[in-house]
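> Let me give you the structure first, and then I'll get to my questions.
The values are calculated or read from the model by the stated rules, or taken from the named source; none is laboratory data. Quick caveat, the model's predicted, so the values are computed rather than measured. Note that each Cβ is placed from the backbone with ideal geometry, even for glycine, and that neighbours are counted across all protein chains shown. Just so you know, the surface numbers come from the protein's heavy atoms only, side chains and all, with ligands and any DNA or RNA stripped out. Shrake-Rupley method; radii C 1.70, N 1.55, O 1.52, S 1.80 Å.
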Amino acid sequence: MQHVACIPTNENQTRTLLIVDDEKNVLQALKRTFRKADLRVLTAQNAREGMNIIEAEDVQVVLSDFRMPNVSGGDFVRDLKHQHPDIVSLILSGYADFSAVTDVMNSGSAFKFLSKPWDNQQLIAEVDTAFVEYYTRREQQFYLNSEEADTFGYRESIVFERTVDALIGNQVPFAVSVVHLHDLHFALAHVSDRMLQAYVNAVSQAIIAKLPAETEVFRTEFDKMMVVTPRVSSENELQTELFALHQCLTQLSTRVSDDIQLRSSIAYAFAPHDGRTARELMLNLRIVMNPEVQGSQPVKKFDPAMLNRKRRELNIQRAIGHAITDNEFSLYFQPKVDLASGQIQSAEVLMRWQHKTLGWVSPAEFINLSELDGQIEALGSWLIENGVRQIAQLVRRHPNIETIALNVSARQLANRHIIDQFTHLLDKYDLDPSYIEIEVTESCVMEDMVNTSKILWQLKLLGMSIAIDDFGTGYSSFAYLSKLPIDILKLDKVLIDDIHACNDTYRLIASMVKLCRNLGIRIVAEGVESESQCHKLREMGCDSAQGFHFARAVRQDEFERLLLNQPFALPKAQ
Ligand code: G
Ligand code: G
Ligand code: MN
């Protein structure tokens, strides 16, 4: 074959690895790791710098951090995939990023996801594999461009796209599904290639057997099969068939290995309703396959509302960056009232954001999204800086207030950066740390108990107090109450809502109040909306209450007016 001589080989090429990480010491350590490997190593501290190097140098493999300011590692490898599809990207990330990284993996932009801290030998081996992948891609690209474009994956995608686009031309609705074999990459390491191939073949056959005649299967990616079903009698029937197929796939997986369970999931859509081209359908099915959307549901249908949600999410994510630099966020204060005196004992700082076109965006929404794409670092810094500044100003004018609470999210507690930040800001604004209360949610603490507890102790040692937020919605384990440096427990609104309706809830809260008294923990009730709830809480000996009954979160000037007009009236003892 004449063209074989043209296949690019690695004989004369210097293997070049680019490492991107915003932390200088990590870059240095990684560089040391590869000192003995036969590689040229280049480094960059952010995505833009990385991209500039790639434009100027012949880079084959990129090892990128995930969480970086401005452009995250996820966006960086996505851009890279777009502009330089041959370059192989590896993501090196902390454990806490897992759910966000799955998105990047599912989008196919990154070749592998490796975790920090890394093992030197293993990392060198992974990078070696990535270079092999690079040369394989070059080879496949060569074949795709040549007459014999039958290399696995590419060829299948092309045929799938042609099949779908031709059917769309017929104007008759049909179904497109994707069968996602979740753990196939993982299985590679545990079972032989032959076993795996047999499994994949069996999956193909099961699809054909369980779905209506004329169904075609295309293995467009290593772990995904696109399925086209031209004749569907009813949606109900298709759904039943897909559920049966899923069950069958679960059984097939047990034949591969006794030790590992290969999960699979199925997403489906109807053309042309859910997409007018093969590419559009594939992209929409990807949204369904997103772990946050598909969850543990084995079979899920695409719904255009998912697309709108995704668009809104993308718009929010895009807008957050500007909102920080343009100071679009503001801080509101919601009083926490002492149930013995009616005095405002504290307040919770809550973020508010009104965007030009998106309207009011809830912090629950934008904080969650900023955690996924790494912008929480910048957003959290903005919040802490402005929070400390405003608190310093407030307590100077109203020294009788005991504390002001700031919410801190899981990601912000992932490393000790937050400690340095507070140390610096307390000094800068000359604020006594005992005025600050840190609210963390119960689920955030449970996510990474060991690490979070370390950081919480350090915050406590700085002189701040610690509150557990939304208590009663998560694990509600009392075991950790004595292990963590907890000063305050905030009972979630769901418990308070039930205080009248349910005797058991009443007794539960009453015993929690007692227990906390014994442990020296203060109790704050959240979401208190009525006088009678207030009365019950007082009766039990609950320390303070926060909620619409007293006040909503208000701007600083309004909060200061509340401070001047206190105490709040409390229900008379009955
Ligand atoms: O009113 P409300 O919509 O403010 O808040 C919704 C959720 O967003 C609450 O769970 C609240 O704790 C959270 N939230 C509000 N402000 C902040 C903040 O500054 N940081 C963090 N991490 N969460 C916040
Ligand atoms: O941090 P946390 O999840 O506790 O945030 C408090 C949230 O509860 C904010 O969204 C705030 O606006 C809201 N909130 C505070 N008090 C009340 C209340 O009395 N009723 C209701 N429905 N929501 C409240
Ligand atoms: Mn809170």
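> Need the failing condition index for Lys300 against (1) of a type in the set (D, E, K, R); (2) part of a strand (DSSP E or B); (3) open to solvent by 30 Å² or more (accessible area, probe 1.4 Å); (4) farther than 30 Å from Gln171 by Cα, just the number.
(4)
> Among the residues that make up region 475-489, is at least one of them more than 30 Å from His424 (Cβ to Cβ) and either within 16 Å of ligand 1 (Cβ to nearest atom) or among the β-branched types (Val, Ile, Thr) (or both)?
no
> Turning to a different aspect of this structure: Taking the options Asn327, Asn315, name whichever one is at pLDDT below 90, farther than 30 Å from Asp183 by Cβ and open to solvent by 40 Å² or more (accessible area, probe 1.4 Å).
Values: Asn315 fails: at pLDDT below 90.
Checking each option against the conditions leaves just Asn327.
> Select from region 407-442 the residues that are in a helix (DSSP H, G or I), touching an Asp or Glu at 6+ places or on another chain (Cβ under 7 Å) and open to solvent by 10 Å² or more (accessible area, probe 1.4 Å) and list them in ascending order.
Arg411
> Hey, another quick one. In this structure, does Leu350 turn out to be more than 11 Å from ligand 1 (Cβ to nearest atom) and touching a residue at least 24 places away in the same chain (Cβ under 8 Å)?
The answer is no for Leu350.
> Which condition number in (1) within 14 Å of ligand 2 (Cβ to nearest atom); (2) small (Gly, Ala, Ser); (3) surrounded by fewer than 18 Cβ atoms within 10 Å (Cβ to Cβ) is the one that Ala467 fails?
Exception for Ala467: condition (3).
> Would you point out the residue of region 41-86, among those that are closer than 20 Å to Gly374 by Cα and of a type in the set (S, T, N, Q), that is most open to solvent (accessible area, probe 1.4 Å)?
Step by step, filter region 41-86, then rank; the result is Asn70.
> Quick check on region 121-140: of everything there that is over 13 Å from Ala37 (Cβ atoms) and touching a strand residue (DSSP E or B) at 6+ places or on another chain (Cβ under 6 Å), which residue is least open to solvent (accessible area, probe 1.4 Å)?
Top of the filtered list is Tyr134.
> For region 250-264: of the residues being outside any loop (DSSP other than H, G, I, E, B) and among the aliphatic types (A, V, I, L, M), which is surrounded by the fewest Cβ atoms within 10 Å (Cβ to Cβ)?
Filtering first and then ranking leaves Leu252.
Condition check ((1) assigned to a helix (DSSP H, G or I); (2) without any contact (Cβ under 8 Å) to a residue 12 or more places away in the chain; (3) among the polar types (S, T, N, Q); (4) under 23 Å from Gln546 (Cβ atoms)) across all residues:
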site	(1), (2), (3), (4)
Ser381	yes, no, yes, no
Glu385	yes, no, no, no
Ala392	yes, no, no, yes
Ala405	no, no, no, yes
Cys444	yes, no, no, yes
